[in-house]
1. Inside the range A:387-408, can you point out the residues that are open to solvent by 20 Å² or more (accessible area, probe 1.4 Å), touching a residue at least 40 places away in the same chain (Cβ under 8 Å) and within 29 Å of the chain's Cα centre (by Cα)?
2. Note down all Cβ pairs under 7 Å where the first residue falls in the range A:180-203 and is more than 9 Å from chain B (Cβ to nearest Cβ), the second is in a helix (DSSP H, G or I) and among the basic types (Lys, Arg), and they're at least six residues apart or on different chains.
3. Among the residues in the range A:267-275, are any of a type in the set (Ser, Thr, Tyr), surrounded by fewer than 24 Cβ atoms within 10 Å (Cβ to Cβ) and under 30 Å from A:Lys187 (Cβ atoms)?
4. Does any residue of the range B:256-265 turn out to be closer than 24 Å to B:Ser76 by Cα, within 14 Å of chain A (Cβ to nearest Cβ) and surrounded by 16 or more Cβ atoms within 10 Å (Cβ to Cβ)?
5. Just a yes or no: is a residue in the range A:351-364 at pLDDT below 90, aliphatic (A, V, I, L, M) and in contact with a helix residue (DSSP H, G or I) (Cβ under 6 Å, 6 or more places away or on another chain)?
6. Restricting to the range B:301-328, name every residue that is over 23 Å from the mean Cα position of the chain (by Cα) and either of a type in the set (Lys, Arg) or closer than 14 Å to B:Phe288 by Cα (or both).
7. Restricting to the range B:81-107, what's the tally of residues that are touching a residue at least 12 places away in the same chain (Cβ under 8 Å), at the interface with another protein chain (Cβ under 8 Å from one of its Cβ atoms) and open to solvent by less than 20 Å² (accessible area, probe 1.4 Å)?
8. Just need a number here: residues in the range B:9-24 that are touching a residue at least 24 places away in the same chain (Cβ under 8 Å) and either more than 11 Å from A:Leu9 (Cβ to Cβ) or not in a helix (DSSP H, G or I) (or both).
Amino acid sequence: MVFSSLIFLFSYLTVTLLLYFTLPKKWRNAVLFTVSLIFYGWGEPAYILVMLVSILAAYLFGFLIDKNRESNKRKAKLYMVLSLCSNLVFLLFFKYCNFFIENLSLIPFLSSLEPIKDLVLPVGISFYTFQIMSYTIDLYRGNTAVQRNFVAFGTYVTLFPQLIAGPIVRYRDIDDQLITREHSVEKFSEGIRRFCAGLAKKVLLADTIFAVAEYFQSLHGIQPTVAGSWMIVICYTFQIYFDFSGYSDMAIGLGKMIGFEFLENFNYPYMAGSITDFWRRWHMSLSTWFKEYVYIPLGGNRKGLLKQYRNIAIVWLLTGFWHGANWNFILWGVYFGALLMLEKTFLLKVLNKIPKVFSHIYALLFIAIGWLIFFFTDMSAGWSVFTTMFGFGGADFTTATVNYDILRNLALIVICIIGSTPYPKKLYYYLVKRFRTIEYLSPVLTCGSFLLCVAYMVDSTFSPFLYYNF
Amino acid sequence: MKKITNIITIVLFLAILFGLSVAFVAMPDKSYSENEKRNLQTFPEFSLEALMDGKFSSEINEYFADQFPLRDAFVSIKALAELSLFKGENNGVLLGENETLAVRTFSIFKDRLNRTDNMDHFYNQSVVRQLEALNKFAAEKASVPVHVIIPPRVIDVASESFNYPSNVSVSLDAIVSTTLSKDLLIPVSPVLKEKYSAGEYVYYRTDHHWTTLGAYYAYVEIMKSFGMEEDIIPRDKFTVNVVADDFYGTTWSKCGFSFVSPDTMEFWSLGNDDKFTTTIGERSFSGFYDMSYLETMDKYSAFISGTNDITLVESNYDEERPVLLLPKDSFANSLVPFLAQHFDLVLVNMANRMTNISAYAEQYSADRILFVWNAENLITSGNLGNVN
């Protein structure tokens with residue numbers, strides 16, 4: 001199930017809130033665990049089993065790790081590795097198996113290998129696998145206590161707000177919230193505001209700008225133009241930000257409604273002045289995870305520059321590969337890894353000296369090209385857009401139709417630009433400080449944008465049957 | 001202070017959330033939307049199998065959207081929101097002056113599978129291939145004169161009402177006039193454009209068809225091309241009956257601009273409609289109109305009872321009249337009351353892949369063949385290419 005659907009809002013969420021707040025307090029985790037499983041199994045019920053096995057394995061190994069942690073470090077380590085493997089094996093199988101088979105079959109004497117048919121990736125497996133691993137590793141490290149309550153542990157992994165697309169919540173960040181959490185009017189209303197903001201980002205901005213990107217991409221197939229190919233990249237750049245950060249906002253908002261506090265996942269990434277800065281602001285929970293469980297264990301930056309570069313390379317290969325089993329994601333990871341190394345070596349010093357506006361343009365350009373690599377799993381199609389952007393291949397600069405469609409979407413793009421900055425929020429707080437009554441706008445804005453989102457969702461399936469015009 | 005706004009937020013949000021949820025459950029399901037002219041999704045049948053393969057959940061998603069309370073109001077709100085961003089269009093429908101609506105046509109790509117909505121670009125080779133098929137048919141297959149009329153789209157005729165580039169219209173016109181053999185093509189765009197510019201009501205504002213007046217002008221051009229200029233019935237001989245002033249066409253159904261005012265629809269008559277019989281398979285009726293359609297949204301289908309595979313329109317008297325075969329789309333339907341004054345008509349629905357035209361010409365002993373195939377169909381389907 002996805003948040004931006006009518007069925008989620010007007011049956012799932014309604015029923016969940018009703019059960020959660022009317023049933024006795026001690027059942028709350030059980031309610032969340034149950035409804036989360038339904039949420040997860042909505043499209044592909046069979047995969048509930050896969051997830052339950054992962055949860056059970058980590059839960060049981062947790063006891064073994066805990067028992068041996070003080071007395072027998074080696075044994076504890078063995079159990080930790082086993083636990084991690086029992087999780088990763090599903091991820092490897094479902095996500096990467098066919099990728100390896102396809103590439104191995106390119107080797108002449110292995111050409112008889114055939115990909116497994118109908119292998120569908122279980123939704124959210126990359127996210128919940130990483131969450132489970134954070135528990136196992138932290139437990140081994142002694143950073144958290146063993147969770148004896150299966151329902152509480154199951155609730156942690158399956159918690160529907162962040163189950164499908166993060167943020168990746170570390171176990172130790174919410175372990176005490178699993179037992180006791182505070183509910184208040186303040187928190188619930190903050191949750192509503194956050195959820196509606198995220199929903200608006202997703203439905204009003206991401207989905208509409210995505211349609212524009214798709215349009216220009218189709219146009220590119222008929223009549224490539226320089227202006228059109230820039231539009232593809234610009235629109236995808238905004239789409240992924242509003243889609244993903246909108247999802248995180250919705251997750252954080254829903255979490256607040258049911259008493260949880262998740263860490264922030266985005267911090268105005270397009271305000272970044274360098275790629276290094278960008279990755280401190282983008283999908284922070286993933287960067288933190290890799291830093292904590294891969295980069296630092298490898299030695300981080302404490303074992304000399306050469307080792308540090310090696311560690312950066314490993315982390316970014318994995319980050320790229322984590323995003324998808326395809327060569328373009330690996331290239332994407334390598335691309336950012338290389339940029340980060342360049343910045344570490346000398347570029348960051350240069351960027352700090354030049355006027356801010358130039359470093360900002362530099363960062364945005366390379367971020368956008370990154371998204372170009374990210375979006376085109378068909379790398380030759382991506383290359384064609386890339387070359388057209390810079391005037392190669394003899395494409396026209398623009399056409400009358402391209403101009404028309406750019407103008408038509410200009411207001412939307414301007415809104416996206418403004419929406420990527422912290423200024424609207426700053427302006428709001430400034431106004432509230434000046435005129436207290438502005439505060440009363442907040443409920444109206446929140447619920448108004450919610451209704452507008454509903455209108456867009458209803459319309460998205462508004463599909464008159466019009467091909468009877470013959 | 002802070003507390004109050006928080007409470008207002010919660011109360012408002014929960015009222016919307018629970019209100020719409022309850023309304024959704026309480027409201028009876030509708031099975032058909034006349035506005036959208038399609039069946040709506042009703043509550044899907046539950047089975048373990050359907051649940052496991054995801055069919056149940058996808059159907060229930062549609063069920064929610066189709067049966068959602070205040071659906072039409074929400075659709076209109078979305079349309080207004082799009083307009084307020086200066087987009088000038090919604091769901092691929094342009095809003096022009098005088099509340100004129102025009103569709104941006106979708107296009108077919110090289111691979112013919114990949115169809116994108118609202119592109120309004122056409123694939124040259126596909127159009128050329130179809131026009132050449134017509135040339136070939138006229139030269140090699142047909143033993144009687146062949147004519148082709150390609151009714152333009154609203155966006156072509158009414159381009160001055162829209163803030164929209166006309167380069168696609170221009171190049172489509174150019175391809176048609178250079179590719180299609182001169183003696184086949186009945187040019188109709190220039191006349192319609194001229195009349196439109198003069199403020200005449202030649203195309204509906206909310207539908208993709210020409211009006212009865214537009215069809216009359218096309219009829220005049222057709223007769224000229226047939227060399228029957230003397231037989232053209234002057235406009236003032238007809239009595240004009242306004243049969244509907246609340247006609248909302250297909251373009252309106254798609255756009256969500258509910259504020260747009262409706263079209264009027266006219267039937268033109270010489271007072272001799274009952275001299276003719278329209279026959280569709282086993283069914284026949286006197287005159288050219290199936291009045292029952294005027295009670296529905298789909299009013300244009302009142303002309304010869306809409307689209308059917310084979311429609312015959314003949315004089316009731318046993319006079320020897322030439323037979324005109326019309327391989328056609330729905331634009332031909334409103335030509336019928338005019339052309340039937342001169343010919344017995346055989347209308348063949350080419351949209352249903354009925355393209356073996358020489359066989360029909362032989363079967364019905366046609367004396368002339370007139371293709372009526374509008375520009376949008378030319379762009380979006382390859383059907384003409386199969387004519388033989």
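1. A:Ile406
2. Filtered contacts from the range A:180-203: A:Lys187/A:Lys256; A:Gly191/A:Lys256; A:Arg194/A:Lys256.
3. Quick first cut of the range A:267-275, residues of a type in the set (Ser, Thr, Tyr) only: A:268, A:270, A:274.
Of the ones still in play, those that are also surrounded by fewer than 24 Cβ atoms within 10 Å (Cβ to Cβ) are A:268, A:270, A:274.
Checking which are under 30 Å from A:Lys187 (Cβ atoms) leaves us with A:268, A:270.
Within the range A:267-275 (the criterion being of a type in the set (Ser, Thr, Tyr), surrounded by fewer than 24 Cβ atoms within 10 Å (Cβ to Cβ) and under 30 Å from A:Lys187 (Cβ atoms)), the answer is yes, since at least one residue qualifies.
4. Yes, the range B:256-265 has at least one match.
5. yes
6. B:Glu314, B:Ser315, B:Asn316, B:Arg321
7. The number of residues fulfilling the criteria is 2.
8. 1
The values are calculated or read from the model by the stated rules, or taken from the named source; none is laboratory data. Quick caveat: nothing in here was measured; it's all calculated off a predicted structure. Neighbour counts run over all protein chains shown; Cβ positions are idealised from the backbone, glycine included. Please note that ligands, DNA and RNA were not included when accessible areas were found on the heavy atoms of the full protein model with its side chains. Shrake-Rupley method; radii C 1.70, N 1.55, O 1.52, S 1.80 Å.
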